Amino acid sequence: MKIIHVAGFSDTGKTRFVTSLIGALREQGTVGVVKHIGHHRQSLPEGKDTTLFYAHGADIVVGIDNEKALAALRKQDLSGTLAMLARAGIRFAVIEGFKTEPFPKIIFGDFEDDTCVLRNPDVGEVLASLDLFFEYETAETLLRKLRQVQDAGGSGALLLYRGVTGEEETGSYEGLLDIRLSTKGGGLPGETCIAVLGRTRAEAFSELSRILEETADRETSRGKQE
């Protein structure tokens, strides 16, 4: 999931830009948008059953009509929301606001930030520069991608490792049907996920063990140098 973060001061055109960007991104995949409300508090509609359920302690309330579903979640932060969007299969997550988050940003106006990769762009410039933005993966999204490879091939053993590590660089590993590695960054909790698809279970276990050993050796060497 590609995170496209839009930030800037009020009245600089962020919302107008995001509405145009959504339509353009939808031609390439599904789109989710996260808006930082700031210090304003959102109110649920009065007199509705969903509001009553939420007021009486439900952690999540979902109202569904014939066209859409609206949810109220009692406890949610940006990291948890992004994970939820990724698990739902969203391809592009557009964030508006959250200026202090360290993702690569599109900035409107004269707000200064070291994470700025584009300033006051048009939609075409963003579409041509998608590689500049953070690619977010979870264990679930890595597995989903490898299951697609597995289904296409009709066989294979699929393994997943997830753990906390300072490792940021990944090598290439031959002899496998496919492999996906991801280290969360950009201010998200540090977690490395490795999904391995081998022709046999023994091959998958062997290659996953080798990856973990090489990662541990690099971290040990890095620690001695420091």
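Derivation of every value follows stated rules applied to the coordinates shown; laboratory data play no part. From a predicted model like this one, the values you see are computed outputs, not experimental measurements. With ideal geometry, Cβ positions are generated from the backbone for all residues, glycine too; neighbour counts draw on all protein chains shown.
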request  = May I ask which residue of I3, Q28, A58 lies farthest towards the positive end of the charge dipole of segment 1-138, with charges of +1 (Lys, Arg) and -1 (Asp, Glu) on Cβ and the Cα centre as origin?
outcome  = A58
key: ³J(HN,Hα) computed for each position of segment 208-213 - Karplus, 6.51 cos²θ - 1.76 cosθ + 1.60, integer Hz, glycine/proline x   = 5, 4, 5, 4, 5, 5
request  = Rounded to the nearest Å, what's the spacing between the alpha carbon centres of segment 1-77 and segment 91-105? Just the number, please.
outcome  = 14 Å
query = Between I60 and C116, what is the spin-label point distance in nm, taking each point 7 Å from the Cα along the Cα→C-beta axis?
reply = 3.8 nm
message = Can you give me the distance in nm between label points at Q76 and L52, each placed 7 Å from the Cα along the Cα-to-Cβ direction?
response = 2.4 nm
note = Checked segment 1-131 against the a/c 1.5 cut and the a/b vs b/c comparison, axes a ≥ b ≥ c from its Cα gyration tensor; verdict prolate
remark   = Around A72 (Cβ within 13 Å, Cβ-to-Cβ, excluding A72; K/R +1, D/E -1) the net charge comes to +2
